[in-house]
């Protein structure tokens, strides 16, 4: 009996030892070594490739651990090259600010312009050093109108007086420089063209006076344009990110997971949370090069208003102009006397190549032309009525061109018309009227324009859906100019049932083609 109890004790002891050993082994296998700087977030099963030579044979599944990188090392390396900028403006009696409200929607900054003694106004932001001899990238709106720019470095009690090398309001970029008795830390510049939506990014700056704050997020979108801002948005190519950015982050770097600057934090949407925008570093490189060499930026200019063929034109317009499958820029308007006009470009043309390079979007055209210097000759590959042609244009200087006067203003509320004749464009959903002095006054149309003014649009019609509105001026029907009611009727009569009608419309905001299909009944 005693021997049986002893044997049972030994067996129990052995089983306990095995269990404890297995638990210890499992614990050791699941631990992370101190050398690892990554944190496992989840583990999922991934399919293994099928055996060689055997198709459609399910393989076994192995575990793949998804890791999130630690950004501590990146922040530690980059922080010394991120600077705090204080721009001081002295507002003297009678002086008016040059601020045109460019960033008012994103960074409201009301200013008191009272008379009397000079007033001092300090505003600030961030920047980052890109060369050991002290060149610093930041935003134009950080140093705009500044009489003095102070720069502070991490761990350095001194204040450096910065020289403004130059700035570019069109892209909201500026370059300043400080002098030091030692080499300065720098942030390497990456390639923003390789960024993908979903990539990790890190922002460093001085939001709300909290210096050297680090925030992390992902690239939310690329190629954003900030239409709400009171300026020309055609050059916009912003990176959208959900990394937390606030006032004071302006001008600071947006870094990739290699610690390279891929953007410059520039704007936030005050109407939303987690919606911030950065200027691509590839654009900043081009601007900085010109600012260093000449202190200002020159850009080529064609003198056209364009729309993206794929994104902006409806199928009927692409069909009418023979642009199915084409990509590039559709020309809506030509400014008389400028390079496009002198080169023979016409509205309704599609620009599909620049110097032999295929365009994938209208933005491609803007970037390629803007990257060239004024006076440069450029070969434009175009499609006109389905035929390919090549035209040569000599570019003008974008910065020196004055804004042209638009043919109309904002339409007034629909009212009773006097004089002239009107007709309903049968089945198309709108009513036009010959121009008269009362109508010119009502819709703010200049005396030198001619055409048929739209006085009513049925909101349930295809014309409304395609963007035709009261106050629009129709100057062409099917590429033929119309000056009166008879000409308008004759041009419409040439289109049979089910065929497309192209209207060239000059409106308060822009000139454009509107393509409608004549109803079958």
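Distance between the pseudo-spin-label points of residue 311 and residue 257 (7 Å out from Cα toward the beta carbon): 2.7 nm. Extension gain for the segment residue 465 to residue 132, taken as residue separation times 0.36 nm less the Cα-Cα distance, is 114.2 nm to one decimal. Extension gain for residue 199-residue 92 works out to 33.8 nm (0.36 nm per residue, less the C-alpha to C-alpha distance). Under the rule a/c < 1.5 gives rounded, and otherwise a/b versus b/c splits prolate from oblate, where does the range 422-517 land using the Cα gyration tensor? Prolate shape, in that a/c is at least 1.5 and a/b is the bigger ratio. Model label points for residue 490 and residue 385, set 7 angstrom from Cα along the Cα-to-Cβ axis, are 1.9 nm apart. Diagonalising the gyration tensor over the Cα atoms of the range 157-264 and scaling each eigenvalue by 5 before taking the square root yields semi-axes of 24, 19, 14 Å, largest first. Based on Cα contacts under 8 Å between residues 6+ apart, the range 300-400 shows a relative contact order of 33 percent. The relative contact order of the range 73-297 comes to 23 percent, based on Cα pairs under 8 Å that sit 6 or more residues apart. For the range 309-343, the residues whose amide N sits under 16 Å from a probe point set 7 Å from the Cα of residue 448 along the beta carbon direction are 334-338.
Want the number for residue 285 to residue 479: 0.36 nm per residue separation, take away the alpha-carbon distance, what's left?
Separation in residues times 0.36 nm, less the Cα-Cα distance, equals 65.5 nm.
Look at where the Cα atoms of the range 425-447 and of the range 456-521 average out, and the two centres are 13 Å apart.
Values quoted throughout were computed directly from the atomic coordinates according to the rules given, and no laboratory measurement underlies them. Bear in mind the structure is a predicted one, so any value in this text is a computation, not a measurement. All Cβ positions, even for glycine, are placed from backbone atoms using ideal geometry, and neighbour counts span all protein chains on display.
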